[in-house]
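The values are calculated or read from the model by the stated rules, or taken from the named source; none is laboratory data. If you're wondering where the values come from, they're calculated on a predicted model, not measured in any experiment. With ideal geometry, Cβ positions are generated from the backbone for all residues, glycine too; neighbour counts draw on all protein chains shown. Side chains are part of the model used for accessible areas, which takes the heavy atoms of the whole protein and leaves out ligands, DNA and RNA. Shrake-Rupley method; radii C 1.70, N 1.55, O 1.52, S 1.80 Å.
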Amino acid sequence: MNRRKFVTGSLAAAALLPRASHAEAPPVDSDISFTTSDAHYQARYQSALDTLAANTVELAGVPGPVPSPVLIEGSEYRGIWLECAPHEGLVYSLIRRDIAHNNHMAFFKLQREDGQIPCNMRSGGIGLSQIQMVVPIAATALELAQQTGDEELLTTAYESCSRWDAWLRKYRDTRKTGLCEGFCIWDTGHDNSPRWAGMPNACPNGDARKCPPNPSLPRLCPDLSATVYGGRMALAAMANALHKPADAEKWETDAGSIRKTILDRLCDPTIACFYDLDAQNKFVRIRGDLLTRVLGEHVVDQQLFDTIYQRQIHNPKSFWAPYPLPSIALDDPTFVRPIPRNSWGGASQALTALRAPRWMEYYNKPADLAHLMQQWVAALLHAPDGIQAFRQQMDPMTGEFTQSGSPGYSPAALAFIDSTWRLAGVRYARNTFEWNIRPGFAGPNAIFRLRVSPIEIAEIRYSGNRAELYINNQLLHRVTGTLRLKTRRDGSIIEQAGIADTQSTAMVESPDGKQEPFRLDPNQVIGFLMRLNR
């Protein structure tokens, strides 16, 4: 198979210098646009875009060609972090494809000769004192390459992420278990979490190869190990795209090995939860969001997921708070109150909300994901005006954002935009259109427009309780009610899903007047073929 066709289808100091002004930024050639008659919603959406534009900065001070600008974390975090910047770039790619590319290439550009990828880049230099990884950069690079046909990114990511995996094997498997070890708090980015109580923030001498002298360390970490697993699965897919079948087989074998060890050693089936295993081979029994990070890489099968979901995630006493998902289970005795700033000790974090689609869609929970996103959108609409709305964390019981610290947090702005489109917009992947029909959600009259290619535009036009679906101004369907439709380019419906909190009834009408009623339970997915007669 032609490599380009496959992709199309499917330690120097670094200083971050802000743009002189938003007005001087180049025009943004966005692939998405959203307009609504709801003035407050429109203003908040624009504030999210403005927040991201303000957090788009030049990366300077690196020898040689510099991948810039990049999207930084924002708020008081004036840099990019390995755990989140590549994923945030991917989410931002429909607005700024160049930023998505740069948010990956910056890390590859500054990879050390021994294979270590910096944990962050910010004003004053780069960080090497922890590994700080969550969403695998290999996975986001692969998805971006598939989305954009970026062959340079594919080849660079494969080489770089292969070396990174080798570095992790060499320096983060001191107990020779085949798992990935955590040496410090910042390895998982869990600032102020009871999970790491009493442990150092970073590794000695700013060197992530060195484990601090502590009887609890090193720990076998399920989330870090899941990140390695997800990275290896992505490397296998990259190897196939690059016509390296032997490499692909090796990566799949290695991925399967670490997955089995995660399940065998770090899961307590009596509680349906994953835990760190400390150096004394004792579980650190704190139920936190590391559980969702394991799910994010699809480590568990559907059967185990269903058990975990029922007992932990969707349990209102544990993680299914009014404003999901808390960073520590509500009924865990270590939940930290009152909630301080930058706390992974209980607060619902924007990063967790932004990552939720990676696993909730995979495990067939589209309606529950929609509920989570609606709660975040509601909280962000209720927050103070402008960029003041976009803060790092909120109280999972009240939806009130922590006001200490600075606003202008990129993950919150991205969560607002991404949720808006996933709730009521049109999306495209693998030659399939996904139409999320939710009349009235973003105002009585609204238009979502997605540019799939220079010659193909998909739209949802809402008016009152009805939505009309178009490709290149050609009407495909009229819809009343809440549901998700997946269609081919010609409008043929191939799948429907229930995305409402309760059973929903919808009517789909083709241009020739043929009507088809649907009744769907929450999270119900049904294969279906409804052809259009033109």
(request) Could you list, in sequence order, all residues of segment 128-159 that are open to solvent by 10 Å² or more (accessible area, probe 1.4 Å) and either over 30 Å from P218 (Cα atoms) or at pLDDT below 95 (or both)? (result) L142, E143, Q146, Q147, T148, G149, D150, E151, E152, T155, T156
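Just name the residue that is nearest to W344 (Cα to Cα) out of those in segment 268-313 that are open to solvent by less than 40 Å² (accessible area, probe 1.4 Å) and among the polar types (S, T, N, Q). Steps first, please.
Initially, segment 268-313 is screened for residues open to solvent by less than 40 Å² (accessible area, probe 1.4 Å), giving 268, 272-279, 284, 286-297, 299-300, 305, 308-309, 312-313.
Right, trim to among the polar types (S, T, N, Q) and you get 292, 312.
Details: T292: 13, Q312: 17 Å.
Among residues in segment 268-313 that are open to solvent by less than 40 Å² (accessible area, probe 1.4 Å) and among the polar types (S, T, N, Q), the one nearest to W344 (Cα to Cα) is T292.
Within segment 160-176, take every residue that is polar (S, T, N, Q) and crowded, with 18+ Cβ neighbours inside 10 Å and give me the one that is nearest to R259 (Cα to Cα). Steps first, answer last, please.
Start the filter on segment 160-176 by keeping residues that are polar (S, T, N, Q), which leaves 160, 162, 174.
Filter again for crowded, with 18+ Cβ neighbours inside 10 Å, leaving 160, 162.
Working: S160: 22, S162: 18 Å.
Ranking the qualifying residues of segment 160-176, first place goes to S162.
Could you please give the count of residues in segment 384-401 that are open to solvent by 10 Å² or more (accessible area, probe 1.4 Å), part of a loop (DSSP other than H, G, I, E, B) and farther than 11 Å from A350 by Cβ? Before you say what the answer is, go through the steps one by one.
Our first condition is that a residue be open to solvent by 10 Å² or more (accessible area, probe 1.4 Å); within segment 384-401, this holds for 384-388, 391-392, 395, 397-398, 400-401.
Checking the rest, the ones that are also part of a loop (DSSP other than H, G, I, E, B) come to 384-385, 391-392, 395, 397-398, 400.
Applying the additional criterion that residues be farther than 11 Å from A350 by Cβ yields 384-385, 395, 397-398, 400.
Number satisfying all stated conditions: 6.
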(message) Need the failing condition index for W344 against (1) surrounded by fewer than 20 Cβ atoms within 10 Å (Cβ to Cβ); (2) in a loop (DSSP other than H, G, I, E, B), just the number.
(response) (1)
(message) Six or more apart or on different chains, Cβ atoms under 8 Å: show the pairs whose first residue is in segment 379-398 and farther than 11 Å from Y323 by Cβ and whose second is open to solvent by 70 Å² or more (accessible area, probe 1.4 Å) and assigned to a helix (DSSP H, G or I).
(response) L381/H40
(message) Anything in segment 458-513 that is surrounded by 15 or more Cβ atoms within 10 Å (Cβ to Cβ) and β-branched (V, I, T)? List them, or say none.
(response) I460, I471, V479, T480, T482, T487, I493, I499, V508
(request) Please verify whether segment 358-373 includes one or more residues that are over 16 Å from the mean Cα position of the chain (by Cα) and more than 27 Å from Y229 (Cα to Cα). (result) yes
(request) Return yes when L179 is of a type outside the set (S, T, N, Q), buried (at least 20 other Cβ atoms within 10 Å of the Cβ) and in a loop (DSSP other than H, G, I, E, B) and no when it is not. (result) yes
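Grab the strands (runs of 3 or more DSSP E) fully contained in segment 409-526, keeping just those with 1 or more residues being more than 27 Å from the chain's Cα centre (by Cα). Even if it seems obvious, please write down each step before you answer.
Working: elements: 426-429, 432-437, 445-453, 456-463, 466-471, 474-480, 483-487, 493-497, 504-509, 515-520.
Hits in segment 409-526: 445-453, 456-463, 466-471, 474-480, 493-497, 504-509, 515-520.
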(request) Collect the residues in segment 114-123 that are more than 14 Å from R209 (Cα to Cα) and either of a type in the set (S, T, N, Q) or open to solvent by 80 Å² or more (accessible area, probe 1.4 Å) (or both), keeping them in residue-number order. (result) N120, R122, S123
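From P316, P333, P326, grab the single residue that is within 15 Å of M397 (Cα to Cα) and open to solvent by 40 Å² or more (accessible area, probe 1.4 Å).
Working: P333 fails: within 15 Å of M397 (Cα to Cα); P326 fails: open to solvent by 40 Å² or more (accessible area, probe 1.4 Å).
Only one candidate passes the filter, namely P316.
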(request) Run down A208, A226 and say which single residue is crowded, with 23+ Cβ neighbours inside 10 Å and in a loop (DSSP other than H, G, I, E, B). (result) A208
(request) Would you confirm whether any residue within segment 247-267 is farther than 16 Å from L179 by Cβ, open to solvent by 40 Å² or more (accessible area, probe 1.4 Å) and part of a loop (DSSP other than H, G, I, E, B)? (result) no
(request) With the checklist (1) at pLDDT 95 or above; (2) open to solvent by 10 Å² or more (accessible area, probe 1.4 Å); (3) out of contact with any Leu (no Cβ under 9 Å at 6 or more places or on another chain) in hand, flag the one item H101 doesn't pass. (result) (3)
(message) Going residue by residue through segment 409-428, is there one that turns out to be basic (K, R), at pLDDT 95 or above and touching a Phe, Trp or Tyr at 6+ places or on another chain (Cβ under 8 Å)?
(response) yes
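With the structure loaded, tell me whether P118 is part of a loop (DSSP other than H, G, I, E, B) and farther than 20 Å from R232 by Cα or whether it fails that test.
Working: part of a loop (DSSP other than H, G, I, E, B): yes; farther than 20 Å from R232 by Cα: no.
It is false that P118 is part of a loop (DSSP other than H, G, I, E, B) and farther than 20 Å from R232 by Cα.
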